[in-house]
1. Which condition breaks for Pro38 when tested against (1) closer than 26 Å to Pro218 by Cβ; (2) surrounded by fewer than 20 Cβ atoms within 10 Å (Cβ to Cβ)?
2. Across segment 156-196, what is the total count of residues that are within 20 Å of Asp116 (Cβ to Cβ), assigned to a helix (DSSP H, G or I) and either of a type in the set (A, V, I, L, M, F, W, C) or within 15 Å of the chain's Cα centre (by Cα) (or both)?
3. Being at pLDDT below 95 and not hydroxyl-bearing (Ser, Thr, Tyr) narrows it down to one of Gly233, Gly206, so name that one.
4. Please count how many residues of segment 50-96 are assigned to a loop (DSSP other than H, G, I, E, B), of a type outside the set (Gly, Ala, Ser) and within 22 Å of Ala31 (Cα to Cα).
5. Report yes if some residue within segment 50-60 is buried (at least 19 other Cβ atoms within 10 Å of the Cβ), modelled with pLDDT of 95 or more and either over 21 Å from Met129 (Cβ atoms) or of a type in the set (Val, Ile, Thr) (or both); otherwise report no.
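The values are calculated or read from the model by the stated rules, or taken from the named source; none is laboratory data. Quick caveat, the model's predicted, so the values are computed rather than measured. Note: ideal-geometry Cβ built from the backbone for every residue, glycine included; neighbour counts use all protein chains shown.
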Amino acid sequence: MSGDGRHLPYSGLDPIEEFETGSIYDTLLSAVGKYVRPGGSLLDIGCGRGELMQKAAARGYRVHGVDADEECVRLSSRFGTVLELDAGRISNESFDERFDCVVLSHVIEHIENPRDIIRRAASVSRGLMLISVPNPYYSPYILRSIGRLGVDYVNRLHLYSWDWSHFKTFLELGCGLEIAEFFHDSVALPVPRRARLFLLKKGWLGPVERGFLRALFPRFCSSITAMVRVPAGGPTS
């Protein structure tokens with residue numbers, strides 16, 4: 001979280017950040033599209049600036065959002081109905097309807113009790129949830145960790161981290177959910193940032209990172225994303 005209390009920048013992303021976040025949102029939307037037809041309802045918990053809402057609305061989905069940040073609520077309200085509410089206060093009384101798919105993208109790693117947030121999100125879902133977290137195997141993270149000889153780095157933004165197998169264990173055994181499918185976004189080319197920026201300007205970065213590298217090394221993508229089914233009795237409390 002930034003010094004002024006924002007949990008993400010409101011504007012001014014650099015081109016690489018825009019490329020990476022765009023890849024995440026495109027992957028989320030692809031996952032939604034595989035399980036929910038256009039016209040269905042989507043709730044984005046922690047909707048931020050509203051990029052996913054914007055993309056989903058353009059595809060014909062009925063979009064809603066939740067965010068605790070007043071400015072994010074203002075920005076994302078351009079694309080759908082947004083409620084200013086902390087995720088830890090969501091309940092089945094927060095909305096007038098239940099949603100075909102509830103999205104938690106890069107949210108639960110920030111929360112002290114991620115199981116509780118998942119339980120709350122499940123209470124407003126008709127049966128599907130799309131949950132995404134940062135992948136610790138993402139190549140830039142691995143490269144940065146090589147030079148750290150001691151265990152002295154503290155990620156002050158993330159309280160939790162899961163690799164693929166432990167995320168599956170957490171969702172299935174810890175939360176009682178059923179994983180329907182995993183999805184993969186872009187895999188970063190392990191070169192200096194300026195080299196990636198050069199490739200982006202030439203129009204080559206997308207085919208390399210979203211195409212070639214993702215096909216070869218999908219487990220090194222930036223996010224671990226799972227479409228899950230909520231059991232009839234709800235997730236494990």
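1. If we test Pro38 against (1) closer than 26 Å to Pro218 by Cβ; (2) surrounded by fewer than 20 Cβ atoms within 10 Å (Cβ to Cβ), just (1) comes out false.
2. 4
3. On the way: Gly206 fails: at pLDDT below 95.
Among Gly233, Gly206, only Gly233 is at pLDDT below 95 and not hydroxyl-bearing (Ser, Thr, Tyr).
4. Counting residues in segment 50-96 that are assigned to a loop (DSSP other than H, G, I, E, B), of a type outside the set (Gly, Ala, Ser) and within 22 Å of Ala31 (Cα to Cα) gives 3.
5. no
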